[in-house]
Each structure stands twice: as structure tokens, then as C-alpha cells.
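First up is the structure itself, then whatever we jot down about it.
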Amino acid sequence: MPIASSYSYPLLGAFWTIFEIFLWVLWIWILIYIFIDIFRSHDLSGWGKALWFIFVLFIPLIGVLVYLIVRGSSMQQRAQQEARQQDQAFRAYVQDAAGSQSTADQLAKLAELRDITPAEFEQQKAKILTA
């Protein structure tokens, strides 16, 4: 007589349980993504957002399918626009954090250019120092 339990949990049952958990996580992720998209959308009024929210909340399967059919393409456009804005903000931050090059850095780069004449070097050096 087994100590823990007499129930046999076959390997197929374990895989089926993992599959069910995967589907539940996927379903919750889709619901959260749709709720985020509803409230992020600038082309919906407040009442429109409330109606979509209630529709998806109380009739989830039909609400999600209808939302994806009706507003699926605009979801992608909003996600791309948000990604572009985040990328631009990141690039602006990096450029701001990096700052402009110092005069010494510019002179060092200019000195590394071996194909200019000493007169051209002095002209560029004066230009940098007066800026």
C-alpha cells in the first residue's frame, strides 16, 4: 500500500496540466494586454473605453474576440507608435547623458588626422578654440 496516495498521476496527465496552465497564463496575458490597449487608446472617448472594458470584463471570450477583430490593427499601430516614442526618448537621454565632446577631445581627433597640412590643422584648431 503506497504511503502518499493511491492515485496514479501518469506522465500524460502531467503534460496536460502544464498545457492547461500555459493556456491560463496566455489568456490572462491577452486580457491584460487588451485592458492596457483600451485605456492607452486616444481615439476612444471615456464612454467608449468604459463600454469596451465592461464588454471584455463580463463576456470575456466574445469580448476579446470582437475587440481583436474590430480594433486589432489599431492595436499594432499604437504599439509601434509607443515603441518609437520610447526609442526616441531613450536616444535623447543617451545623447543628453553623453554630453557634447570637450575641446580637448575634438583637438585630439583632429591631431589624429594625418592627411591635413599643419596650416589646416592650425585653422581648425582656432575654429574649435573660438567656439
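Here are a few things to note about the model shown:
- Region 24-41: number of residues that are under 18 Å from the mean Cα position of the chain (by Cα), of a type outside the set (Ser, Thr, Tyr) and open to solvent by 40 Å² or more (accessible area, probe 1.4 Å): 7
- The single residue among ALA79, ALA92 that is of a type outside the set (D, E, K, R), open to solvent by less than 100 Å² (accessible area, probe 1.4 Å), within 30 Å of LEU68 (Cβ to Cβ) and modelled with pLDDT of 80 or more turns out to be ALA79.
- Filtering region 2-22 to residues that are at pLDDT below 90 and either charged (D, E, K, R) or open to solvent by 100 Å² or more (accessible area, probe 1.4 Å) (or both) leaves ILE3, ALA4, SER6, TYR7, TYR9, LEU11, LEU12, PHE15, TRP16.
- Test: ARG84 is at pLDDT below 90 and charged (D, E, K, R): no
- Residue-level analysis places ALA111 outside the set of residues that are within 30 Å of ARG40 (Cβ to Cβ), among the small types (Gly, Ala, Ser), assigned to a helix (DSSP H, G or I) and open to solvent by less than 70 Å² (accessible area, probe 1.4 Å).
- Single residue of GLN101, GLN124 found to be modelled with pLDDT under 85 and open to solvent by less than 80 Å² (accessible area, probe 1.4 Å): GLN124
The values are calculated or read from the model by the stated rules, or taken from the named source; none is laboratory data. Note that the coordinates shown come from a computational prediction; the quantities given were computed from them, not determined experimentally. So basically every Cβ, Gly included, is an ideal-geometry build from the backbone, and we count neighbours across all protein chains shown. Just the protein is used for accessible areas: all its heavy atoms, side chains included, with ligands, DNA and RNA removed. Shrake-Rupley method; radii C 1.70, N 1.55, O 1.52, S 1.80 Å.
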